[in-house]
Amino acid sequence: MPASPSVERGAATALRLAVSVLLTLFGLLLATFLIARVVPIDPVLAVVGDRASAETYQRVRIELGLDQPLYVQFWRYVVLVLHGDFGRSVLTRNPVVEDIARFLPATVELATAATLIGVALGIPAGVVAAARQGRWADHAIRLVGLVGYSVPVFWLGLMALLLFYAGLGWAAGPGRLDIFYEDTVAPVTGLILVDSAIAGDWAVLRSALAHLVLPAGVLGYFSLAYISRMTRSFMLEQLGQEYIVTARAKGLSERRVLWRHALGNILVPLVTVVALSYASLLEGSVLTETVFAWPGIGSYITGSLLNIDMNAVLGGTLVVGALFIALNLLSDLLYRWLDPRTR
Amino acid sequence: MSRAAWAGQGWRAWLGSAAPNSRRQARLGEIYRFSRALMRHPLAAAGLAIVLLLVLIAALAPLLAPHAPSAQHLADRLRGPGAQHWLGTDELGRDILSRLLFGTRITLGIVALVTAIAAPIGLAIGCMAGYAGGWVDAALMRVTDVFLALPRLILALAFVAALGPGIENAVLAIALVAWPPYARIARAETLALRRSDFIAAALLAGASPGRIVARHIMPLCLASVIVRVSLDMAGVILIAAGLGFLGLGAQPPAPEWGAMIAAGRKYMLDQWWVAAMPGIAIAVVSLGFNLLGDGLRDVLDPKQR
């Protein structure tokens, strides 16, 4: 029996998606490989030191595979990366993969908390702005959003520390936990909030929350700016449609029209917006983590940057890039899966 | 009708005429209508004002600044805002206001250079891809998509780390990650144009593909690219400031705003103004660009409202 046209179409779409994701990953690998090549440090000298003899230099050069043509070197690099070998960090002396596994959960915790804040505040703000289009509430929400697009995240973080930590004492300072709580909870997931809840250690949980609130709030503000803006424009599109007129005409309350009918219809595109915002928060966390001494992948990358620890920098770039691509793919798949029209 | 005939009705009527007699009248009328529309948009007008002020300050910085930007007075270090130093002094006793005023030159310079590199590259790639079609289009757009799908800030960071810190490398790195959206937009515009009659006419007249792209298509794609560039400028300013903050952008003693925040961080708890003032400057300037870009998009494309 021949496959139905819709199955065939689905297979073609899946194939196209797979090809595009593979190409993007290939591009990411190529970019990091080329970046490593333009570093003005001789990797051989870094190994042998500048007092080595010419023979030793040549021998190490061949051992490192640097005598091979570029495409062979690239191929070897790809094989190593696919085997999870990103080399060793000069700074921590650990394999980069181990370092990243240790630092990544902190970033995931931060970005997730920030996204929750952005969703919880951004969607209602967008709905209200659309409902009051052109009125002061709309302008106020728009301005709050535009400021979010304009303020440097690291500066906002510093000012938040100055005001809420040093000034008012409402939140805890830099870091993930108070010092005397560190390493008191056994890492299960690496997410301190989850781990301390599993262990039932509420003092640690409270300390972790107090430390999380400022960086998550700062990052969440940027997520809010994006989500509220997109929500507003999706809502405006819906509110102009005839079914809204019908709903109003048959006497539904304005609240029901807005929050059930219109919002219900934009949930699918909103899911993709939230996924994209999560991806951009992973990136935004680089600067935020530096300010809050948050021991995540962002701090790891910037710390390694300043010490020209390129294995660590490129490993971090690869992981964040791959997560970014995965989240983009996820938002695409969710859209296809949730929206009946694309089935 | 000659211009004299319009004299009784004034410049506005001449500019607003629906039936212009000359190319110049049509063009000036277009600019007039456009600026009227922009001015009716209060947020866009505010954005334009901020951007114009920024340009003015950059041009007149030596006249406006009360002190030399790098003059050190160690006896006056870390003074709070006051009559002598309106925004206070930094850890070397330099006047913060003067440094901010001179810093506009660095910020504007970075934005201008990034635009000058990224916009023509994006425009050329997009127009070529759109006009050529086929495998050229497919290949160029794949590359564009790959760049679009990668995290911009992190890639820029890695590039600067590899090339070495400094303002030139920061500009290069930002330009390298900034061009793909322009290519996408230019391609979309080109696809809409390539079947037009005037392109067919140019072809019949014997114009080469290169000439058609460069002389007939690229100028018409420029407007949409400019809108996108103005929307991106705030992002460029923020990335540049972020690189400066991490010590990868402009190097001291250059009065770059991001680097100034990084320097002020050490004294933040007691001398907040050293870190706070440059941040406000960055926020105001990128807000100006955001407002202007938003307004331009509203005015040029009513669909987006």
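Where a number appears in this text, it was derived from the coordinates with a stated rule and is not lab data. What you see is a predicted model; the values in this text were computed from it and never measured. Glycine also receives a Cβ, built like all others from the backbone with ideal geometry; neighbour counts cover every protein chain displayed.
Of note:
- Value of Rg to Rh for the protein assembly as shown (Rh from inverse mean 1/r over Cα pairs, i.e. Kirkwood): 0.99
- Expected 222 nm ellipticity per residue - DSSP helices of 4 or more, -39500 (n - 2.57), all of chain A, to 500: -24500 deg cm²/dmol
- Dipole magnitude for chain A: computed about the Cα centre from +1 point charges on Lys and Arg Cβ and -1 point charges on Asp and Glu Cβ, it is near 1440 debye.
- Average other protein chain Cβ within 10 Å of Cβ, residues A:52-61: 0
- Scattering profile of region A:213-333 at q = 0.15, 0.18, 0.20 Å⁻¹ [log10 I(q)/I(0), Debye over alpha-carbon scatterers]: -0.78, -0.95, -1.06
- Estimated D of region A:22-174 in µm² per second, where Rh is the Kirkwood radius over Cα pairs and Stokes-Einstein applies at 4 °C, 1.567 mPa s: 62 µm²/s
- Sites residue B:222 and residue A:210 - FRET efficiency at Förster radius 56 Å, r taken between beta-carbons, to 0.05: 0.60
- Take the Cβ atoms of residue A:188 and residue A:136, set R0 to 60 Å, and the FRET efficiency comes out at 0.80.
- Stokes-Einstein D (µm²/s) once Rh is taken as the Kirkwood radius of region A:165-245 over alpha-carbon pairs, at 20 °C in 1.002 mPa s: 138 µm²/s
- A Förster radius of 56 Å, combined with the Cβ-Cβ distance separating residue B:168 from residue B:21, puts the computed FRET efficiency at roughly 0.70.
- Amide N of region B:87-115 lying under 17 Å from the label point, which is placed 7 angstrom from the Cα of residue B:270 along Cα→Cβ: B:89-94
- Take the Cα of residue A:250, step 7 Å toward its Cβ, do the same at residue A:120, and the gap between the two points is 3.5 nm.
- Per-residue ³J(HN,Hα) for region B:100-106, Karplus 6.51 cos²θ - 1.76 cosθ + 1.60, θ = phi - 60°, Hz, x for Gly and Pro: 4, 4, 6, x, 4, 5, 5
- Cα centre as origin, Lys/Arg/Asp/Glu Cβ charges: region B:42-304 dipole, Debye: 400 debye
- The residues neighbouring residue A:98, those whose beta-carbon lies less than 15 Å from its own, together hold a net charge of 0 under the Lys/Arg +1, Asp/Glu -1 convention.
- Structure-based [θ]222 nm, chain B - -39500 (n - 2.57) summed over DSSP H runs of at least 4, per residue, nearest 500: -23500 deg cm²/dmol
- Semi-axes of the equivalent ellipsoid of region B:43-198 are 43, 20, 11 Å, computed as sqrt(5λ) over the eigenvalues of the C-alpha gyration tensor in descending order.
- Loop sites in region A:249-317: trypsin sites (Lys or Arg not before Pro), DSSP, at most 13 other Cβ within 10 Å: A:250
- Mean per-residue shielding of peptide B:240-251 is 3, counting Cβ atoms of other chains within 10 Å of each Cβ.
- Inter-label distance, nm, simple model (7 Å from Cα along the C-beta direction), residue A:26/residue A:112: 3.5 nm
- Distance (nanometres) between label positions extended 7 Å along Cα→Cβ at residue A:17 and residue B:207: 4.2 nm
- Here the Kirkwood formula puts the hydrodynamic radius of region B:106-240 at 15.6 Å, using every distinct Cα pair.
- Rg(Cα)/(2.2 N^0.38 Å) for region B:42-304, N = residue count: 1.19
- Dimensions of chain A along the principal axes, based on C-alpha atoms and rounded to the nearest Å, stand at 89, 69, 39, largest first.
- Gained length - residue A:332 relative to residue A:37, 0.36 nm times residue gap less alpha-carbon distance: 102.9 nm
- Net +/- balance of residues flanking residue A:252 in space, Cβ distance below 15 Å, scoring K and R +1, D and E -1: +3
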